[in-house]
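**Student:** Here you go, one structure.
All of the numbers you see were taken from the coordinates with simple rules; none came from a lab. All of these numbers come straight from a predicted model, not from anything done at the bench. Glycine gets a Cβ as well: all are built from the backbone with ideal geometry, and neighbour counts include every protein chain shown.
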Amino acid sequence: MAPGSVAVVRDEEWLVTGVEHTRDGALLTVQVLSELVRETTGTFYERYDTIRVHDPARASVEPDPSPGTSACLWATVLSGRWNLINLHSQRKFWLGGRRW
């Protein structure tokens, strides 16, 4: 696990913003990715919670089917000049069949 990873903890997806190694295993500092509780932060210990990290090698980028999306943004994503963390702040991309 490293900052920038996406992890699933307690049935929510979280963006890992920090990792500290402790006696109880890794302590993750995270920010939720869900729209319902946007900007919520949390901390989880590896010892006490089941933490599943998404493998970025298995991720796929798909065009956003909603009206008004930018073709320029899509072309930028495909060219690899903009990472997914930056795209998250724009809220106009899909990852693994799910809108982020």
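**Student:** Would you mind getting me the FRET efficiency between Asp11 and Glu35? Use the beta-carbon distance for r and R0 = 25 Å, nearest 0.05.
**Tutor:** That gives a FRET efficiency of 0.95.
**Student:** What distance in nm separates the simple spin-label points at Arg52 and Leu27, each placed 7 Å from Cα in the Cβ direction?
**Tutor:** According to this spin-label approximation, the distance is 2.7 nm.
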